1. How large is the dipole of region 24-115 about the Cα centre if only Lys and Arg carry +1 and Asp and Glu carry -1, each at its Cβ, rounded to the nearest 20 debye?
2. I'd like the Karplus ³J(HN,Hα) series for region 8-18: coefficients 6.51, -1.76, 1.60, θ = phi - 60°, whole numbers in Hz, and an x wherever there's a Gly or Pro.
3. Could you give the DSSP H helices of the chain that reach 15 angstrom or more along their long axis (alpha carbon positions) and whose average Kyte-Doolittle hydropathy is no lower than -0.5?
4. How large is the charge dipole for region 7-185, taken about the Cα centre, if only the Cβ atoms of Lys, Arg (+1) and Asp, Glu (-1) carry charge, to the nearest 20 debye?
5. Could I have the simple spin-label model distance between Lys167 and Phe30, label points 7 Å from Cα toward Cβ, reported in nm to one decimal?
6. Taking all protein chains in place and a 1.4 Å probe, what share, in percent, of the accessible surface of the chain do carbon and sulfur account for?
7. Taking the chain as a Gaussian network, where each spring joins two C-alpha atoms under 10 Å apart, which residue of Lys25, Lys148, Lys167 fluctuates the most?
8. So which chymotrypsin sites (Phe, Trp or Tyr not before Pro) in region 127-189 are both in a DSSP loop and have at most 11 other Cβ atoms within 10 Å of their Cβ?
Amino acid sequence: AFTMKPKVVFVLGGPGAGKGTQSQKIVQHFGYDHLSAGDLLREERNNPNSEFGELIENYIKEGKIVPVEITCSLLENAMQASENDKFLIDGFPRNQDNLQGWNKTVADKVDLQFVLFFDCPQDVCLQRCLYRGASGSGRTDDNEESLKKRFNTYLNETQPIISYYEKFNLVRRVDATRTTDEVFEDVKLLFQEAAG
Ligand code: UP5
Ligand code: MG
């Protein structure tokens, strides 16, 4: 039978740019499901029955990108378990391996609407994550050492992915340095436009 492909928006930007915060507001206003690749990986890490727990924790602490087979299957499972037909995929794809894995196994089954890019300089990102760590986020990567690695990975591996989507005119850039509400005003316009 003919079925519509689920809609997907990728949410990208540096560590602490506000991907999770803005995604929650998009969920409330526009009815998307929020799938954070990082949250799914942390959940898998915490599952004592997972064979990948230790691997995931090592990658996260080092700010390295987990092999796509793991991340993509967590994302696919979450999409299949949902009744929704539109998804924010937050923090993915972050490198060439992610992009290739996604393009090979999932891309044809979904309708990629656009890539929401939260543009935020390193100093602002760093302050936000350090503050969050000091307020008890419990994240093992909210420390200065991990954050340096996370930001380097972002510059070297994730920015080229954003450039890749720019060639298809799919990137919608938002200045993420302002307050949460100011940023969301711009985000709202993009989703209103996409909804027609
Ligand atoms: N905050 C948010 N917006 C603000 C604003 N406008 N003004 C002031 N403060 C603001 O926000 C971060 C903090 O800033 C919060 O305290 C918030 O209140 C405040 P948040 O919305 O959480 O930002 P976000 O961009 O989601 O930051 P996050 O830390 O989640 O980004 P990362 O991309 O680093 O983390 P993620 O969870 O996506 O990935 C973690 C690790 O998992 C990666 O480093 C990697 O090792 C691994 N990973 C993979 O291997 N593969 C994947 O596909 C995904 C992750
Ligand atoms: Mg996040």
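The values are calculated or read from the model by the stated rules, or taken from the named source; none is laboratory data. Just so it is clear, the model here is predicted, and its values are computed rather than measured. Glycine also receives a Cβ, built like all others from the backbone with ideal geometry; neighbour counts cover every protein chain displayed. Surface accessibility is based on the protein's heavy atoms, side chains included, excluding ligands, DNA and RNA. Shrake-Rupley method; radii C 1.70, N 1.55, O 1.52, S 1.80 Å.
1. With only Lys, Arg, Asp and Glu charged at Cβ, the dipole is about 280 debye.
2. 3J(HN,Hα) across region 8-18, in whole Hz: 10, 10, 7, 10, 10, x, x, x, x, 5, x.
3. Helices meeting the criterion: 68-81, 122-134, 180-194.
4. Approximately 320 debye in magnitude.
5. 2.6
6. Roughly 47 percent, rounded to a whole number.
7. Lys167
8. Here the sparse-neighbourhood loop sites are Phe168.
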